[in-house]
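What follows is calculated from the coordinates using simple rules that are stated; it is not laboratory data. On a predicted model such as this, the values are computed, not experimentally measured, just so you know. Cβ atoms come from the backbone with ideal geometry, glycine included; neighbour counts cover every protein chain shown.
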Amino acid sequence: MQLTVAPIPFFWSKDTWSAFYEEIAETSVDRVVLGELVCSKRLPFFQDQIPGAIERLIAAGKDVALTSLALITLKRERKLTADLVEMGLEVEVNDLSVLPYLPKGTNFSVGPLVNVYNEGTLRWLASLGATRICLPPELPLASVEILAKEAAALGVTIEVWGHGRLPLAISGRCYHARLHGRTKDNCQFACEDDPDGLDVATLDGQPFLTMNGVQTLSDSYATTVHQIDQLRDAGVTALRLSPQSKGFAELCHQYRALVEGQCSGEAVLDAITEQTPEVRFSDGFLTGDRGVAMSTPAIAART
Amino acid sequence: MVMEIVCPAGTPAALRAAVKAGAHTIYCGFADETNARNFPGLNFDRVEMRDSVAFAHQHGSKVLVAINTFPRAGDEAIWHRAVADAESCGADAVILADAGLLDYAARHHPNLRRHLSVQAAAANADMVNFYAETFGVKRVVLPRVLSVPEIAAINAETEVETEVFVFGGLCVMAEGRCSLSSYATGRSPNMNGVCSPASHVEYHDHNGVLDAQLGGYTIHRAQKGDAAPYPTLCKGCFSAGEKTDHLFEDPVSLNAEQLIPQLQKAGVTALKIEGRQRSRSYVTQVVRNFREAVDALEDGRPMPQGMLARLSEGQAMTTGAYKKTWR
Amino acid sequence: MSQTSVSVPRCPPLLAVPLRAVPLAPLSASLTAFSRRIATSHPGLYRRLGDYANTPFVIDPTDLPLVILLHPGNGKPTITLTRRPVEGAARIAGPLAALLGLVHGGFDGDALFFSRDLVIEGDTSASLALRNAIDDAELDLSEELLNLTGPLAAPVHRALLLLERRTGLYLTRPEEAAW
């Protein structure tokens, strides 16, 4: 099973950004998708670092792709998309708006923010040149199994959301800006102080969601540690790990050990909890429960 | 050309009410998971659909059938059947969101007109044109994240008809790309055709203070005498940092009535009213109001002032993303 | 943003007060017979209720000194009036005018709920199904009643219309909603 590092969903300073990929280059992950996914206004701050990071990662033997934005509306964003395609590196499509920019016959990968719910959509994307699809995190295992089978017949690699706060929604409105009483155009980069997003709790003080500019994530960190065998049996060949500000290289290391059969899922969660005790886990989407739910290994084995 | 009023109908009775109130077009769905308002007691069986389409056609109105959820892997046949049945019921078009289903409809039902659902969130001209070229889509319902100038810019770059929401519930997230509901309840718009479903809603009244919970999460608290919105996740009240407030969106509903002249100038073909889950009373009121508005516009009369506030959620209204400051 | 509100009329005491003393058993029996007649003439109502065709509903007209327990009974409904608190899977409470307005399509259920003229407790999904099923049935309780009264239909009709005008209650299906 391959490990893929997802694009950083949060707004990190350029030094933190570069240091992160420096560290990733040293890990055993197979593939890295980088670039700006959430907000086009963040890109200028680290744009110049991207070529260096790509070079470093490729030199370290990683497979590298560039992500598109998750929601492309403005003229400037369409231009950015055209530029992205021009760079010649594999593009991970996270908004279908990228497709018209891809020259016919170009292979591409599809990210978790594109709605691939069924065989028809999968076949259609494959017919356009998709060679790899990271399925939407909302999908239950039953759907993953059917899609992985269909993908295998088409020669498409199937990846699933392996670990990290779940991308639940994207909007035209910036919630960080709204929280600070600003408009999106004058946001003053309100999201830069929250390297893992800003916690959103209910009226009873229950942790629930995470605010990340125009994106809304889950509070919990989704994990597939209890479903590795089922995913492998289904024909899933890659797990996506989503960057977090603390202990990410160690997390990659733990997942590598897990997929190599060197440790148990429970041990991985224990190790993560030791590093980041505030983290809550979930795997409900995969088990067909509500997304926030977390199974125990015993229950997971029965699903 | 007078702007087309596209009105919701959750039941045959509501459809007849809409036709009588002057709706040019009515959209509705089958009573199952194939449409994004899969609520208890709502929607049309096949016989009701056929009869309702016939009724609408007799009165010169059109019917669009929304098949706008994302087919479940392994069960695509349910959605394929819905498309075939919409055609045989005489529907004037189907409203689709899923690329795979669009591909299927274009291949197997080439003569059935295809509209792109708001659930596909086609938010720029490239996307609109791509759907038109790839699947022969004739009309696109634009997502509620765009401002009026952005809508005008899209229309300047495309021949495809555009339809925009002017009244009713407001999605603050890009439609069809939100799984907040399934995160909290296990049921989502994309997969089950429901958002923040009633089956997971609980109200608790503590001496007149009304708590609304969704999936066990308390997301709204109405003081005595305050309006009580439905606990839709993105309009809930939450805490972040130092603030406790409606962090994503206030419990408001969209009313772009006064923007109709601008929307017409922006090249919009049709005005859509949200609310297939609402009553025939709502349908009658809203349709009559908007029909009057577009007729006035067509005749060069001043826009009538609306009286629709009571019909809206939390009894407060917004023009949403149509004004850029909303973002 | 704008805010408005419209008031729902309260049932006049002249109607409500006598209900404190009236024996409820015969009234319950009459209403049960009445509801069965409606069930027979509107089979679609039960199809729409779907999973909730056997769910007990408590309907609480808050300006009357009684509550209505409705057992849909899969098409064979029973109505029980009671002055004591009762349990049901779902409870719908509001002034009689709001409840009658809902039945007759004069008011919009969501609007009444947003303004808190209507309060829903228990199984929200069941209440929604009932609301939607009734909205589609296009019921007219007066018309149903007139069908029962035979030779008295004309005077009863006049009396109902007078009562409707005097009280502001929706006793018939309006040609169009009030607002």
What is chain B's relative contact order, in percent, from Cα pairs under 8 angstrom and six or more apart in sequence?
21 percent
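Give me the dipole magnitude in Debye, nearest 20, for the protein assembly as shown about the Cα centre, with unit charges on the beta carbon: positive for Lys and Arg, negative for Asp and Glu. Don't skip to the end; give the middle numbers.
Numbers: 74 positive and 92 negative charges, 490 e Å.
It comes to approximately 2360 debye.
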For A:Leu3, list long-range residues whose amide hydrogen, built 1.01 Å from N in the peptide plane, is under 5 Å from its own amide hydrogen.
A:Asp30, A:Arg31, A:Leu239
Give the long-range amide H neighbours of C:Tyr170: residues separated by 5 or more places, or on another chain, with amide H under 5 Å away, using H modelled in the peptide plane at 1.01 Å from N.
C:Gly101
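Once you wrap a convex hull around the alpha carbon atoms of the stretch C:13-139, what is its projected area averaged over all directions, in nm²?
That works out to 7.2 nm².
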If you wrap a convex hull around the C-alpha atoms of the stretch B:180-245 and split its volume per residue, what is the figure in Å³?
90 Å³
Per-residue ³J(HN,Hα) for the stretch A:113-129, Karplus 6.51 cos²θ - 1.76 cosθ + 1.60, θ = phi - 60°, Hz, x for Gly and Pro
8, 9, 6, 10, 9, 8, 5, x, 5, 4, 4, 4, 5, 4, 5, 8, x
Phi to ³J(HN,Hα) by Karplus 6.51 cos²θ - 1.76 cosθ + 1.60 over the stretch B:84-95, Hz, x for Gly, Pro:
4, 5, 4, 5, 6, 6, x, 4, 7, 6, 10, 10
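Suppose every Lys and Arg Cβ carries +1 and every Asp and Glu Cβ carries -1, with no other charges. What dipole size does chain C come out with about its Cα centre, to the nearest 20 debye? Mind dumping the intermediate values first?
Values: 16 positive and 18 negative charges, 132 e Å.
Dipole about the Cα centre, nearest 20: 640 debye.
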What's the magnitude of the charge dipole for the stretch B:180-245 around its Cα centre, counting Lys and Arg as +1 and Asp and Glu as -1 at the beta-carbon? Answer in Debye, nearest 20.
140 debye
Residue (of C:Ala126, C:Pro26, C:Phe57) at the positive-pole extreme of the stretch C:13-139, dipole from beta-carbon charges
C:Pro26
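Across peptide B:209-218, what mean number of C-beta atoms from other chains lies inside 10 Å of a residue's C-beta? Show your work: numbers first, answer last.
On the way: counts 0, 3, 2, 2, 3, 1, 4, 5, 8, 5.
Across the residues of B:209-218, the mean count of other-chain Cβ atoms within 10 Å is 3.
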Among B:Ser181, B:Gln58, B:Leu170 - extreme Cα towards positive end, dipole of the protein assembly as shown, charges at beta-carbon:
B:Gln58
Highest-first arrangement of C:35-46, B:214-225, where packing means the average Cβ count within 10 Å
B:214-225, C:35-46
Estimated inter-spin distance, A:Thr276 and B:Gln223, nm [label 7 Å along Cα→Cβ]
3.9 nm
What Kirkwood Rh does the stretch A:133-191 have if only Cα atoms enter the pairwise 1/r average? Answer in Å.
14.3 Å
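Shape verdict for chain A, please, from the Cα gyration tensor: rounded (a/c under 1.5), prolate (a/b greater than b/c) or oblate.
Values: a/c = 1.37, a/b = 1.10, b/c = 1.25.
Since a/c stays below 1.5, the shape of chain A is classed as rounded.
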Mean-position separation - Cα centroids, the stretch B:177-202 and the stretch B:229-270, in angstrom:
19 Å
Out of residues 5 or more away from A:Gly162 or on other chains, whose amide H comes under 5 Å of its own, with H placed 1.01 Å from N in the peptide plane?
A:Arg240, A:Leu241
With chain B treated as a Gaussian network of Cα nodes joined by springs under 10 Å, which of B:Asn38, B:Asn207, B:Asn111 yields the largest mean-square fluctuation?
B:Asn207
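Contact order normalised by length for the stretch C:48-179, with contacts defined as Cα pairs under 8 Å and 6 or more residues apart; what percent is it? Don't jump to the answer; show the numbers that get you there.
On the way: 217 pairs, mean separation 31.6, N = 132.
Result for the stretch C:48-179 is 24 percent.
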Most positive-pole-ward Cα, C:Gly94, C:Leu81, C:Ile38, against dipole of the stretch C:31-179 from beta carbon charges:
C:Leu81
Note: A:Gln262 to A:Glu22 extended length (0.36 nm per residue) minus current alpha-carbon separation gives 83.8 nm
C:Thr82-B:Glu292 pseudo-label distance in nm [points 7 Å out on the Cα-to-Cβ vector]
4.6 nm
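May I ask for the Kirkwood hydrodynamic radius of the protein assembly as shown, worked out over all distinct Cα pairs and given in angstroms to one decimal?
Details: mean 1/r = 0.0359 Å⁻¹.
For the protein assembly as shown, the Kirkwood estimate is 27.8 Å.
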Would you mind estimating how fast the stretch A:1-98 diffuses translationally, via Stokes-Einstein at 4 °C and 1.567 mPa s with the Kirkwood radius over Cα pairs, in µm²/s?
95 µm²/s
Residues of the stretch C:53-68 with backbone nitrogen within less than 18 Å of a virtual label 7 Å along the Cα-to-Cβ line of C:Leu24, please, listed as ranges.
C:56-68
For chain A, what does the relative contact order come out to in percent, with C-alpha contacts under 8 Å and a separation of six or more?
19 percent
Per-residue counts of other Cβ atoms within 10 Å, averaged by peptide: what ranking do you get for B:276-284, A:125-133, A:219-227, highest first?
B:276-284, A:219-227, A:125-133
Shielding score for C:122-135, defined as the mean number of other chain Cβ atoms within 10 Å
6
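Counting other Cβ atoms within 10 Å of each Cβ, which GluC sites (Glu not before Pro) in the stretch A:1-107 have at most 13 and sit in a DSSP loop? If you can, show how the numbers build up before the last one.
Numbers: sites: A:Glu22, A:Glu23, A:Glu26, A:Glu36, A:Glu55, A:Glu77, A:Glu86, A:Glu90, A:Glu92; in loops: A:Glu26, A:Glu36.
Qualifying residues, ordered by number: A:Glu26.
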Which ³J(HN,Hα) values, rounded to whole Hz and listed in residue order, are derived for the stretch A:205-210 from phi using the Karplus coefficients 6.51, -1.76 and 1.60 in 6.51 cos²θ - 1.76 cosθ + 1.60 with θ = phi - 60°, glycine and proline given as x?
x, 7, x, 9, 10, 9
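Once you have a ≥ b ≥ c as the square roots of the Cα gyration tensor eigenvalues for chain B, tell me rounded if a/c is under 1.5, and otherwise prolate or oblate according to whether a/b is larger than b/c.
rounded
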